[in-house]
Every structure is written in structure tokens, then in C-alpha cells.
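*Asks:* Once you've had a glance at the structure underneath, I'll fire off some questions.
The values are calculated or read from the model by the stated rules, or taken from the named source; none is laboratory data. These figures come from a predicted structure and were not determined experimentally. Cβ placement follows ideal geometry from the backbone for every residue including glycine, while neighbour counts extend to all protein chains displayed.
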Amino acid sequence: MPGIKSTIKDTRNINWTYQEISQSRNRGLHIWGSGGNFSRIVRPDPHSADSKYYNKKQVKWYQEAAEQTINFFVENGNWPSSIEVNGYTYTYQ
């Protein structure tokens, strides 16, 4: 099964593509667009940290993670070190 992948627009109306990173039991996010590239693993693994939400709503989880990451980059000029999805804080590594 291919990983989750989609495109969203930032607040400047610029397109970004994001995709799930799946390496064994590690999960992460890869984002690319004209503004830059980002590729990180998240900790803790969302399968174990928030398994009910993540397992039932993976598409939404990755969309929320990508939106937060991209918005932080647009507002601050650098990539975030962490995000919060469904009340859980995830650290990028």
C-alpha cells in the first residue's frame, strides 16, 4: 500500500506536497515545494502515542502535521522542532 501523499497551499497560496515516511516502526513526514524541503521522523511513534486517532484517521493526522509544519516555516523562516496533533506533542528527529 502506498504511503499517504497530498498537496496543500500555504497562507501565501504556494503549493506544498507532503508524504508519509514509513520505515519499519518509525513514522515521519516529508514535505517539499518551492520554499524548501523537510524530511524528519516523529517521536513518539504515533502508532503507540495516539493509536486510536492515528490508526483511524491517518490521512487527517498527516494533513494536520503538514499544515502545522508548513505554517511554522512560512511564519518563522525555519522548520519546527515539534508539532501537536490531537493533543499529543511530537518531536521531529
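*Asks:* When Asn13 is evaluated against the numbered criteria (1) free of Cβ contacts under 8 Å to residues at least 60 places away in the same chain; (2) part of a strand (DSSP E or B); (3) under 24 Å from Gly77 (Cβ atoms), which criterion, by number, is the only one it fails?
*Replies:* Unmet for Asn13, out of (1) free of Cβ contacts under 8 Å to residues at least 60 places away in the same chain; (2) part of a strand (DSSP E or B); (3) under 24 Å from Gly77 (Cβ atoms): (2).
*Asks:* Next question. Pairs only if they're at least six apart or on different chains, beta carbon under 8 angstrom, first in segment 65-93 and surrounded by fewer than 18 Cβ atoms within 10 Å (Cβ to Cβ), second assigned to a strand (DSSP E or B) and charged (D, E, K, R); list them, first residue then second.
*Replies:* Close Cβ pairs (under 8 Å, with a partner that is assigned to a strand (DSSP E or B) and charged (D, E, K, R)) amount to Gln68/Glu84; Trp79/Arg40; Thr91/Arg43; Gln93/Arg40; Gln93/Arg43.
*Asks:* Now a separate question. I'm told Ser51 meets every condition in (1) modelled with pLDDT under 85; (2) farther than 15 Å from Tyr90 by Cβ; (3) over 14 Å from the mean Cα position of the chain (by Cα) except one. Can you identify the failing condition by its number?
*Replies:* Against the list (1) modelled with pLDDT under 85; (2) farther than 15 Å from Tyr90 by Cβ; (3) over 14 Å from the mean Cα position of the chain (by Cα), Ser51 comes up short only on (2).
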